[in-house]
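Q: I'd like to ask you about the structure that follows.
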Amino acid sequence: MGCAKAILEQAEVPLKNHVVITDLGIEKNKEFALKSEDIVKVKSAALDICSNRSDNNPAPSEKPFNCCG
């Protein structure tokens, strides 16, 4: 699902990257009982995208994190 992305695009908020949570195997629901393993999946995916890391680069925890440029 790209609901938040579509909302931000409609508001003309520039986006460089995004994470589609359902692509991580997390189903959309209306519950707020978040599973810790799902939070870890989303956090890892966001860090991967924001840091543009590859297998040759250090993990985000090993270098300064700056997602906004």
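Q: Pull out the extension gain between Lys30 and Ile49, defined as 0.36 nm times the separation in residues minus the alpha carbon to alpha carbon distance; nm, one decimal.
A: Working: separation 19, 0.36 × 19 = 6.84 nm, distance 2.59 nm.
Gain on extension, Lys30 to Ile49, equals 4.3 nm.
Q: Additional query: Rounded to the nearest 0.05, what FRET efficiency do Asn17 and Asp38 give with R0 = 30 Å and r taken as the Cβ-Cβ distance? Could you check? Walk me through the numbers on the way to the answer.
A: Values: r = 20 Å, r/R0 = 0.65.
E between Asn17 and Asp38, to the nearest 0.05, is 0.95.
Q: When ranked by the protection proxy of mean other Cβ atoms within 10 Å per residue, highest first, what sequence do the peptides 27-36, 2-11 form?
A: Working: 27-36: 7.0, 2-11: 11.4.
Most protected by this proxy first, the peptides run 2-11, 27-36.
FYI, it's all coordinate maths here, none of it is from the lab. Computed from a predicted structure; not experimentally measured. Methodologically, a virtual Cβ is constructed for each residue, glycine included, from the backbone with ideal geometry; neighbour enumeration extends over all protein chains shown.
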